[in-house]
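Okay, so here's the structure we're looking at.
The values are calculated or read from the model by the stated rules, or taken from the named source; none is laboratory data. Everything numeric in this text was worked out from a predicted model, so none of it was measured. Virtual Cβ from ideal backbone geometry, glycine too; neighbours counted across all protein chains shown.
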Amino acid sequence: MYYKNDTIIIREFTPQELNLFLNLFENENVTRYLPYKTPEEYKDMFGKALSDYKDGPFSRWGVFNAENNDFVGMCLARIFLDNPEQIEIGYTLGENYWGKGLGSEVCKALVEYCRSLATDRDIVAVTDLDNIGSQKVLTKTGFKRIDNLIREDIELAYFVL
């Protein structure tokens, strides 16, 4: 996965960028709508991303500012755990990049990438029920909200493209 436009670059993380990745999840506003994970779980997540690059085509990638190479956040595409016939996308952006349209750009890039894999699988995304900002981004990107998804007694907003 490599994507670049005038605003963002999406690319593989390098092993040296572990601290960038970990620092993203230290902000309580950023993690408010995410399932709780320990710092060790985030380290494991980063390690899995690096190993996934060899196995392809799914993983987590870094999102960077195209103008100054500043770290913006991370995004992912993977087989959807709740339905292996679907591909799930997602993203987490640093708070200083909220409200600038980058979520929509990342979503569009992920959709483009998933479609380039020549698969007929639906592309899906889930959000916390209260994460209205991400729900607006998904709708703006063409996703349709369907019935909520129940996962381990947690109800999530469920979107499909």
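Tell me yes or no: at least one residue of region 29-36 is of a type in the set (Val, Ile, Thr) and surrounded by 12 or more Cβ atoms within 10 Å (Cβ to Cβ).
So far as region 29-36 goes, yes, one or more of its residues are of a type in the set (Val, Ile, Thr) and surrounded by 12 or more Cβ atoms within 10 Å (Cβ to Cβ).
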Discussion item. Name the single residue that is modelled with the lowest pLDDT among those in region 18-61 being under 27 Å from residue 157 (Cβ atoms) and hydroxyl-bearing (Ser, Thr, Tyr).
Written reply: 36
Worksheet item: So residue 40 clears everything in (1) charged (D, E, K, R); (2) assigned to a helix (DSSP H, G or I); (3) touching a residue at least 60 places away in the same chain (Cβ under 8 Å) except one condition, right? Which one?
Response: (3)
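When you scan region 6-17, how many residues do you find that are among the hydrophobic types (A, V, I, L, M, F, W, C) and either modelled with pLDDT under 95 or part of a loop (DSSP other than H, G, I, E, B) (or both)?
Restricting attention to region 6-17, the residues satisfying the condition of being among the hydrophobic types (A, V, I, L, M, F, W, C) are 8-10, 13.
Next cut, either modelled with pLDDT under 95 or part of a loop (DSSP other than H, G, I, E, B) (or both) only: 13.
Final tally of qualifying residues: 1.
Name every residue in region 80-101 that is among the aliphatic types (A, V, I, L, M) and at pLDDT 95 or above, in order of residue number.
First, pick out the residues of region 80-101 that are among the aliphatic types (A, V, I, L, M): 81, 87, 89, 93.
The answer is 87, 89, 93.
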Worksheet item: Out of all the residues in region 52-69, is one or more in contact (Cβ under 8 Å) with a residue 12 or more places away in the chain, assigned to a helix (DSSP H, G or I) and in contact with a strand residue (DSSP E or B) (Cβ under 8 Å, 6 or more places away or on another chain)?
Response: yes
